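Nothing in this text is a laboratory measurement; each read-out follows from the coordinates by a stated rule. Keep in mind that what you see is a predicted model, and the values were worked out from it rather than measured. Positions of Cβ are generated from backbone atoms using ideal geometry, with glycine treated the same way; all protein chains shown enter the neighbour counts.
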Amino acid sequence: MTQAAVAAADYQRIEVRPLTPSIGAEIHSVDLTQPLDEQTFQEIHAAFLAHQVIFFRDQQIDIEQHKAFGRMFGELHIHPAAPSPEGHPEILVIHADEKSKFVAGNTWHSDVSCDAEPPLGSILHMHTLPSSGGDTMFASMYAAYEALSETMRKFLSGLTAVHGSEHVYRGRYKDFGVEDAGKVYPKNEHPVVRTHPESGRKGLYVNSGFTTRINGLEKSESRALLDFLFAHVAQPEFHCRFKWAENSIAFWDNRCVQHYALWDYYPQVRHGLRVTVKGSKPV
Ligand code: SIN
């Protein structure tokens, strides 16, 4: 059975509990410490495509199980800037404590959209949480695109935008021993409206973390349009909000989702590990 053949109503192995009509679902009756049979994998894949971000609870996976789950969806991505634990270049550490000067993802973004082939998806396994707070917000770029007028959709459809990362990563990991003098950080151009390679649906593909300029417009026009689109994406109607517990997992589709990690718990500790799956060139 292909994932396309698994209609939402046909889940046999997993239980899918949507969080909102447009984005997010919790997946139950799955144990990710065990190898997944083909049908369970196809159903998880179908739920991922349908709901754009899926969540699992009480999954005590180790690093190898985490990477193995990611590899079921594609090759793993290595972050262009962040340091990784010894022997695990595919792991991104998400950590905040009383010494933190920033936290990863504390603005609306799609992961590493500055890459020529930005990641398909990211799988975050949470290990330690503050006593309250530290939620993550997710926004559906399908819903944001579909809420625009026909005229605006037509205007955006031929445009491309620059996604840079110099302003994000330069010097960011100095305190973690990363010396980046002379390093060139990725910068690429992508369509403002992206067609999802698996679902065929269209979504907005500009984000306030990485997108710096819309091509073919005057600087002030580009700034005004980006500000409008960033404010549009931030409307709560397009969102779901995930309240983590230890051993929760979130798996989001960077091709059609933006996310925002709230940092409302300083100076408490929040710690998790992320595996990121390689993607393709946006079209
Ligand atoms: C990220 O991967 O951008 C961070 C997400 C989070 O910490 O919730």
(request) Go through 168, 41, 14 and say which Cα lies farthest out towards the positive end of the charge dipole of the chain; charges sit on Cβ, +1 for Lys and Arg, -1 for Asp and Glu. (result) 168
(request) With unit charges on the beta carbon (Lys/Arg positive, Asp/Glu negative), name the residue among 114, 28, 128 whose Cα is farthest towards the positive pole of the charge dipole of the chain. (result) 114
(message) Counting only trypsin sites (Lys or Arg not before Pro) that sit in a DSSP loop (anything but H, G, I, E, B) with at most 13 other Cβ atoms within 10 Å, what is the longest stretch of the chain containing none of them?
(response) 1-98
(request) Give the order of 122, 248 when sorted by the count of other beta carbons within 10 angstrom, beginning with the fewest. (result) 248, 122
(request) Anything over 23 Å Cα to Cα? Flag those among 67/278; 187/219; 101/174, in the order listed. (result) none
(request) Would you be so kind as to identify which of 145, 88, 157 lies farthest towards the positive end of the dipole of the chain, taking Lys and Arg as +1 and Asp and Glu as -1 on Cβ and the Cα centre as origin? (result) 157
(message) Let's see if you can work this out: charge +1 on each Lys and Arg Cβ, -1 on each Asp and Glu Cβ, no other charges. What is the dipole magnitude of the stretch 3-277 about its Cα centre, in debye to the nearest 20?
(response) 800 debye
(message) Cut-off is 10 Å between beta-carbons; in what order do 29, 113, 220 appear when sorted fewest neighbours first?
(response) 220, 29, 113
(request) Specify the inter-centroid distance of the stretch 166-197 and the stretch 264-283, based on alpha-carbon positions, in whole Å. (result) 14 Å
(request) Please find, in a Gaussian network model of the chain (springs between Cα atoms separated by less than 10 Å), the residue of 267, 191, 18 whose mean-square fluctuation is greatest. (result) 267
